[in-house]
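Below is one structure; the comments refer to it alone.
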Amino acid sequence: MNNTESNNCTQEQEKISLRGEAQKEHDPKKEFITIFNKLAYKHSAYNIFDDFVNMSAIAMSNAIAFDKDREEQYLSIVGKYSKEEVKLFPALYTQVVLGLEAGFCDFLGDIYMELGIGNARAGQFFTPYHLCKLMSQMTFNGKLNEHGYIEVSEPACGCGGMIISLVETMLEHDINPQQTLFAECTDIDRTVAMACYVQLSLLHIPAKVIVGNALSLEVRDVFYTPSYALGFWNLKLSKKRKNESEIIVKDLPANTYNSFEEKQSEEPEIVFPVKKETKIIQFDLFD
């Protein structure tokens, strides 16, 4: 190797080292709090967090199944902030992405409790992630059901720590949860339910997040993660898929199939061929 090549290699190694040091120095949670506090001078901490997770959840959900009412809710939230303040929300979102990329954790759950905005009077205390991980390791035996996946119900999901820990445990068993896990998550608190939706969406986990009461079976709102819709998990769960060119309009956001609403009310079990206007692409991410 000549001197020029040697110098190039050394420079590349130095660049990689510097990038690594920069990543170590960057703390997404600390940066999230810093950006968050720029909004807190004028707005309450709870309202900022609530607005952030709701806007993020609506943006993700509407990318899959557009809902006019949710879009109006989004615009209503944005209207409470100045143009400069609105620019800070994507920066908050970036830190959530970086935090989940850095390693499995209940990023938004930790932020929620650190900000002290949990409802202590309602007994709202999130299980520390290391305990969630321990429980997932004790519970999951590395086996899937006869259909090649597992279904999990979390009746008090919080920000999704339990499900995230299960995702990590499944990967430790060399099982891809993005293909083999369906999670139904419920919480009576809309704010934390939306935080759960955001985190599971970013981790590409097929999930149905319900805002409601798991004891009384009250359902106030339902959000489906992009992974659920893109993977046609309604078909996997119902086992009624006829062939690659047919889908059953069932257990999906009704607004995904606006053109079918009238027909659904008359014939809820009818099978429709996929049409361009349904905005559903015949591409299944899951074998």
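To keep it simple, each residue is scored yes or no on (1) modelled with pLDDT of 55 or more; (2) open to solvent by 60 Å² or more (accessible area, probe 1.4 Å).
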| site | (1), (2) |
| --- | --- |
| 20 | no, no |
| 31 | yes, yes |
| 43 | yes, no |
| 50 | yes, no |
| 53 | yes, no |
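Within the range 119-134, does at least one residue satisfy the condition of being open to solvent by 60 Å² or more (accessible area, probe 1.4 Å) and within 28 Å of residue 234 (Cα to Cα)?
no
Of the residues that sit in the range 193-207 and are open to solvent by less than 10 Å² (accessible area, probe 1.4 Å) and outside any helix (DSSP H, G or I), which one is nearest to residue 158 (Cα to Cα)?
Top of the filtered list is 207.
With the checklist (1) modelled with pLDDT under 95; (2) surrounded by 19 or more Cβ atoms within 10 Å (Cβ to Cβ); (3) not hydrophobic (A, V, I, L, M, F, W, C) in hand, flag the one item residue 145 doesn't pass.
Result: residue 145 passes all but (2).
Within the range 65-85, restricting attention to residues that are of a type in the set (A, V, I, L, M), assigned to a helix (DSSP H, G or I) and farther than 18 Å from residue 45 by Cβ, which residue is least open to solvent (accessible area, probe 1.4 Å)?
78
The values are calculated or read from the model by the stated rules, or taken from the named source; none is laboratory data. Here the structure is a predicted model, which means the values were calculated and not measured. As a convention, Cβ positions derive from the backbone with ideal geometry for all residues, glycine included, and neighbour counts pool all protein chains shown. Ligands, DNA and RNA are stripped out before the accessible areas are found, and what is left, the full protein with its side chains, is counted by its heavy atoms. Shrake-Rupley method; radii C 1.70, N 1.55, O 1.52, S 1.80 Å.
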